[in-house]
Ligand SMILES: [Mg+2]
């Protein structure tokens, strides 16, 4: 099996409204679509596709750098053998040194093509696990508190009952927003994500306010800075609400450090953060062994990126906190397949690969 052809194109899909978190703001996806044709020894070919998704400054790269990195790798990868996972890993490690986002997009396309050639759903090809259905939360980006509450009400009416509330930019606005959201959707459950925006003191103050507003909190994601494991550990020790590490865990080594520091009881897996599906799978399996809870999410990604991550979750047999909602934030959908959705429930399909294709 070898890579026969690679095609790259910008993937810029406008959002319904700007996506604002503690560290950044975007109005359209800033990704690259990677299309890879893999041929087997008998001359049979399959096209696989992947999304290299930037979310600056959460990712160091933006769309132009991704296009350049991927284009530079094309001569090296074209014609290369991809017969085993070890071979794929060595090949991509060499082509994308320190370029996790580009690597993830390329790896997704290659693995998708391999699974399609094998005639298996991607999750089954990865670990033998069948596709399943997952219930996602819905993210409320940082906006005017009244607007965040109105968004929550609208999504609640569409069948979402778990919300990931972005906080960490201006604490008084966060508390005001949480209070109004609690009034707007009193029966909902919540996950907070500060995107590394708080000190431990601020994080604990927000948790106090949530208790006051009687919010049902499921977890608190990355309350403190990526390297502030002391702060994260303080929050973890001071509350029953599970703390989930996101920015703090890019690699297996990061995961071990976070566990050692007792800085979190869960980890958020994302394809472009870890550099691909195989790395996300390895980190997820290790986190399970260590007794951590699993969240799975993405950057601001289309149906393509969400489906790829969904297959990793299926391969892992499920996750505690599913955050695969960003395709719902887009004003259009250039893709079809992957999953069907009914409200917050995504049902991944029993078809070869991840099953996503460009709409024609
Ligand atoms: Mg996060």
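The values are calculated or read from the model by the stated rules, or taken from the named source; none is laboratory data. These numbers were taken from a predicted model, which means no experiment stands behind them. Don't worry about glycine lacking a Cβ; one is built from the backbone with ideal geometry, like all the others, and counts go over all protein chains shown.
Quick look at the values:
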| quantity | calculated |
| --- | --- |
| Subset of segment 346-356 (residues that are part of a strand (DSSP E or B) and crowded, with 17+ Cβ neighbours inside 10 Å) | 346, 348, 353, 356 |
| Single unsatisfied condition, residue 128 versus (1) assigned by TED's automatic domain parsing to the domain that holds residue 39; (2) surrounded by fewer than 19 Cβ atoms within 10 Å (Cβ to Cβ) | (1) |
| Filtered residues of segment 237-262 (kept if surrounded by 24 or more Cβ atoms within 10 Å (Cβ to Cβ), free of Cβ contacts under 8 Å to residues at least 40 places away in the same chain and more than 21 Å from residue 60 (Cβ to Cβ)) | 243 |
| Sole residue being at pLDDT 95 or above, touching a strand residue (DSSP E or B) at 6+ places or on another chain (Cβ under 9 Å) and within 24 Å of residue 100 (Cβ to Cβ), chosen from 310, 318 | 310 |
| Any hit, segment 168-184, residues being under 22 Å from the mean Cα position of the chain (by Cα), closer than 30 Å to residue 284 by Cβ and at pLDDT below 95 | yes |
| Any hit, segment 109-124, residues being closer than 30 Å to residue 27 by Cβ, assigned by TED's automatic domain parsing to the domain that holds residue 38, touching a strand residue (DSSP E or B) at 6+ places or on another chain (Cβ under 7 Å) and in a helix (DSSP H, G or I) | yes |
| Qualifying residue in segment 131-152 (condition: out of contact with any strand residue (DSSP E or B) (no Cβ under 7 Å at 6 or more places or on another chain), in the same structural domain as residue 298 (by TED's automatic domain parsing), within 20 Å of residue 324 (Cα to Cα) and free of Cβ contacts under 8 Å to residues at least 24 places away in the same chain) | no |
| Residue 269 more than 16 Å from the ligand (Cβ to nearest atom) and under 14 Å from the mean Cα position of the chain (by Cα) | no |
| Residues being within 13 Å of the ligand (Cβ to nearest atom) and part of a loop (DSSP other than H, G, I, E, B) - total across segment 305-322 | 0 |
| Residues of segment 280-304 satisfying the condition of being touching a helix residue (DSSP H, G or I) at 6+ places or on another chain (Cβ under 9 Å), touching a residue at least 60 places away in the same chain (Cβ under 8 Å) and either within 12 Å of the ligand (Cβ to nearest atom) or within 24 Å of residue 11 (Cβ to Cβ) (or both) | 281, 298, 299, 300, 301, 302, 304 |
| Meets criteria (within 16 Å of the ligand (Cβ to nearest atom) and either under 22 Å from residue 193 (Cβ atoms) or surrounded by fewer than 20 Cβ atoms within 10 Å (Cβ to Cβ) (or both)) for residue 340 | no |
| Residue count for segment 27-52, restricted to those that are within 23 Å of residue 331 (Cβ to Cβ) and crowded, with 19+ Cβ neighbours inside 10 Å | 10 |
| Filtered residue count, segment 1-26, keeping only those that are surrounded by 19 or more Cβ atoms within 10 Å (Cβ to Cβ), outside any loop (DSSP other than H, G, I, E, B) and at pLDDT 95 or above | 4 |
| Test: residue 192 is modelled with pLDDT of 95 or more, within 19 Å of the chain's Cα centre (by Cα) and under 26 Å from residue 27 (Cβ atoms) | yes |
| Selection count, segment 179-204, where residues are in contact (Cβ under 8 Å) with a residue 24 or more places away in the chain, more than 16 Å from the ligand (Cβ to nearest atom) and closer than 25 Å to residue 57 by Cβ | 3 |
| Given (1) crowded, with 16+ Cβ neighbours inside 10 Å; (2) outside any strand (DSSP E or B); (3) within 22 Å of the chain's Cα centre (by Cα), number of the condition residue 91 does not satisfy | (3) |
